[in-house]
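The values are calculated or read from the model by the stated rules, or taken from the named source; none is laboratory data. Quantities reported herein were computed from a predicted structural model and do not represent experimental measurements. All Cβ positions, glycine included, derive from the backbone under ideal geometry; neighbour counts span all protein chains shown.
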Amino acid sequence: MDYKSNPTIEEIKKDKFFMGTIEKTVFGGKGIINVEGFTVFVKNGIIGQKVVYQITKKKKNYAESIIVDIITPSSIEISKEKQLNNIPGCIYQNIEYEEQLNIKNNQLKEIFRKYEDIEIQDVLPSPKIFEYRNKMEFSIGYEKMESTIEDGEKKWNDSGVSIGFHPTGSWSKVISIDNIFIASQNINEIRRKFEKFLRDNNCFNENPWNSLINKGFWRGLIIRESNFTKDIIVNIIVTKKINQELSEKLINFFKRLNLSEKSEITGLFYTVNNTKNDSLNNPSISILYGSKIISEKLGKKVFTISPFSFFQTNTLGAEKLYFTIKSKIGNSKNKNILDLFCGTGSIGIFCSDESNSIIGIDCIKESIQLAKKNAINNNTKNTNFICDKVESVIEEVIKENKIDILIIDPPRVGIHPKALKTISELKIDKIIYISCNPTTLERDIQYLEAEGWKAKNLQALDMFPHTPHMEVIAVIENKNL
Ligand SMILES: C[S@@+](CC[C@H](N)C(=O)[O-])C[C@H]1O[C@@H](n2cnc3c(N)ncnc32)[C@H](O)[C@@H]1O
């Protein structure tokens, strides 16, 4: 491979190879190499790495690239002998944990560098940095996918049935990884044993999914586990109804699965997805045995989780996050809480001690049903959970109700402009904004500041060790009052 070390801006062109040292690790899993003042983003690049990179896109103000070879690792990377199996998405896994937190601290400061009087507190570490995830979603597919043309026809010789992840850069192959260090022992064991079960039984004469031709039967495996009860629910994603004979085999297998941590699979079900897309729209489930829900405890509150409802994937981290949110809210006694993007109502309910009322809004029906159930189970009074889009109903909700405390926890895209405008007109003293994407948080804060609000404090939590993600709590005060 031919590469150049000190390119000029003109030489930076799509598909060309260059060598350089990564100067910064920025939010979103990218490193930056500076070429004569021109920014080249390097996917998964880590500060200090000397790499050969290939340009994948060139725009007027920046270029994007991928690493093709690491010539010298970064000084913040751990030695080769200490490195664990590579998990796709865990791009910081070879960096000492303290350094991972430093990187996240610097990224947050960089995103908010324009804001003068904002207090940015150090990122709080995750209570557990290994085996912290309570949910894993695996794909089922082939490790090797090869096709040949025979008599003018394409023939597939796929092999290596796997339950695992798509390797970086491939959406069709699936690699099987033993000891996924962010998932619990139980989840690892179920993945491994079910993969062996499928391999040993020739997949019961059904093929794993081949996304290149959109054919196959076995498609995915979703496992959720409760840290509180240790119950586990398993959802198998297939492309058509499972027949009686296969159902019995699966029930037998999962009921008898001897897990070394003595946990039990308390619910087994499946979901049919016969579309080309992996993401599920309005998914439904068919129960093979047991219950489709599990319970999780955060602080003194217990929450019900169903197969597709949102729940923070790092249970101990979520508890720390919610206690931190609660302390930022302060006293909620006799106050009226509005919990936007409430999911299963967990933040509002967690922070609601002696509050007067809670209104929660989320657009997913299943989550709202659970929020109502969670409120009853936790003895939370005066609740009203609304199933709708925040931007469609917020104006009316605010007009008809007195609100004292506003909690906002939107998805990565942030808040819809229509909802943001209504929020900015609220006559309350502060907003607690929880975000999993500091760049959209910054965009929304910029809007609110132009409308007379002031972001006072940012507190990030590392809910996702080894990955480039973080959760940020912002306290935004109203200067219009
Ligand atoms: C980051 S989750 C927060 C969930 C919840 N606060 C929690 O901590 O468990 C974002 C939530 O926003 C919901 N959502 C996404 N877009 C929405 C919209 N336009 N209106 C209402 N809810 C929405 C999703 O269903 C999801 O539950």
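Observations on the model:
- Only listed residue being in contact (Cβ under 8 Å) with a residue 24 or more places away in the chain and either in contact with a His (Cβ under 8 Å, 6 or more places away or on another chain) or not acidic (Asp, Glu) (or both), chosen from Asn243, Asn214: Asn214
- Residue in the stretch 40-47 that is more than 30 Å from Asp444 (Cα to Cα) and either in a loop (DSSP other than H, G, I, E, B) or at pLDDT 95 or above (or both) present: no
- Single residue of the stretch 408-421 satisfying the filter (in a helix (DSSP H, G or I), within 13 Å of the ligand (Cβ to nearest atom) and free of Cβ contacts under 8 Å to residues at least 40 places away in the same chain) that is nearest to Leu340 (Cα to Cα): Leu420
- Thr266 touching a strand residue (DSSP E or B) at 6+ places or on another chain (Cβ under 7 Å), farther than 26 Å from Glu131 by Cβ and modelled with pLDDT of 90 or more: no
- The stretch 310-328 residues that are outside any helix (DSSP H, G or I), paired with ones that are surrounded by fewer than 20 Cβ atoms within 10 Å (Cβ to Cβ) (beta carbon under 6 Å, 6 or more apart): Thr313/Lys135
Table: residues versus (1) within 23 Å of Cys436 (Cα to Cα); (2) touching a strand residue (DSSP E or B) at 6+ places or on another chain (Cβ under 9 Å).
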| site | (1), (2) |
| --- | --- |
| Thr324 | yes, yes |
| Leu340 | yes, yes |
| Glu366 | yes, no |
| Asn374 | no, yes |
| Glu391 | yes, no |
| Lys402 | no, yes |
| Ile408 | yes, yes |
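- Some residue of the stretch 267-279 being under 19 Å from the mean Cα position of the chain (by Cα) and within 16 Å of the ligand (Cβ to nearest atom): yes
- Taking the listed residues Ile111, Ile175, the one that is in contact with a Gly (Cβ under 8 Å, 6 or more places away or on another chain) and touching a residue at least 12 places away in the same chain (Cβ under 8 Å) is Ile175, with no other qualifying.
- Test: Asn356 is at pLDDT 95 or above and over 20 Å from the mean Cα position of the chain (by Cα): no
- The requirement of being in a helix (DSSP H, G or I) and either in contact (Cβ under 8 Å) with a residue 40 or more places away in the chain or out of contact with any Gly (no Cβ under 8 Å at 6 or more places or on another chain) (or both) is satisfied by Ile103.
- Lys300 meets all of the listed conditions (1) crowded, with 21+ Cβ neighbours inside 10 Å; (2) farther than 17 Å from Ile361 by Cα but one, namely (1).
- Within the stretch 425-439, tally of residues that are crowded, with 20+ Cβ neighbours inside 10 Å and assigned to a helix (DSSP H, G or I): 1
- Test: residue in the stretch 239-258 that is at pLDDT below 95, surrounded by fewer than 18 Cβ atoms within 10 Å (Cβ to Cβ), of a type in the set (A, V, I, L, M) and under 24 Å from Ser184 (Cβ atoms): no
- The set of residues from the stretch 353-386 being within 13 Å of the ligand (Cβ to nearest atom), more than 13 Å from Asp339 (Cα to Cα) and assigned to a loop (DSSP other than H, G, I, E, B) comprises just one member, Ile364.
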